Structures are given as structure tokens and as C-alpha cells.
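**Q** Quick one: this structure, given as C-alpha cells, is what I'll be asking you about.
No value in this document is a laboratory result; all are computed from the given coordinates. Since we're looking at a predicted model, the values are computed, not measured. Cβ: placed from backbone, ideal geometry, glycine included. Neighbour counts: every protein chain shown.
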Amino acid sequence: MKLFSVFIISILLLQAFAEASLVISNAKHSLTSVDESRDEVALHKKSHPRKINCSYACSRRCRKASRKNVCSRACKTCCKRCHCVPPGTYGNKNMCPCYASLKTHGHKPKCP
């Protein structure tokens, strides 16, 4: 009888350790994930968008524009909403999907 009870207790302990290790490994894979650009760290946690200097980013984006003030004003509006500005002076909008998706009332792209 003692041997049987020791056997049952050992099986229960092994099951508890197996479940604990499974929970720990799932937590490592599902709670946090670092993407390649390291912009977002957590998947399930509320993450605040990183602060960027919109004035600097938009002046860099609009430096070759023919109408710098118009470009800069539109860019800063988009930057404040999306918290990102694509690199370069033209194109590369795939780097910032929010920036690319904003439209004017006439359904034209808002962001330069």
C-alpha cells in the first residue's frame, strides 16, 4: 500500500512539473516578441507608440519638395497621428502603413 501511494504521489509531481514547464515555455513565446526593427516589444501588452521628433523627420522628408511649407504641415499632421515618417524624400510608404493609408476629403493621399 505504501509503495502504491508513493507511486501515485510521484506521478502527480511529474504531472505538475510538466504543466509548469509547458506554461513557462508558452509564456516566453506568446507574451513577448521582438520584431526585426525593435519598434514593438510586446504583443499582448498595451504598448505606447515610441516618441519621434516630427519636426526633424518631416524636415528631412520635405527637404526636396517644391512647396516646403505645405509638405511640412501635411507631414507633421500625419506624423502626429501615425508616430512614424517613411525614410527618404519620396516613396517608401510601405515602411509606415498608417502614413500611407491617410486620405484627404477628396480621397487623395494626405501624407507626402
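**Q** Going through region 47-112, which chymotrypsin sites (Phe, Trp or Tyr not before Pro) have at most 13 other Cβ atoms within 10 Å and a DSSP loop state? Walk me through the numbers on the way to the answer.
**A** Details: sites: Y56, Y90, Y99; in loops: Y90.
Taking region 47-112 and a limit of 13 other Cβ atoms within 10 Å, the loop chymotrypsin sites (Phe, Trp or Tyr not before Pro) found are Y90.
**Q** At 7 Å along Cα-to-Cβ for each site, give me the label-to-label distance between A16 and M1 in nm.
**A** Output for this residue pair reads 2.4 nm.
**Q** For C84, which sequence-distant residues (separation of 5 or more, or a different chain) have an amide H within less than 5 Å of its own amide H, given hydrogens modelled in the peptide plane?
**A** HN-HN under 5 Å from C84: empty list.
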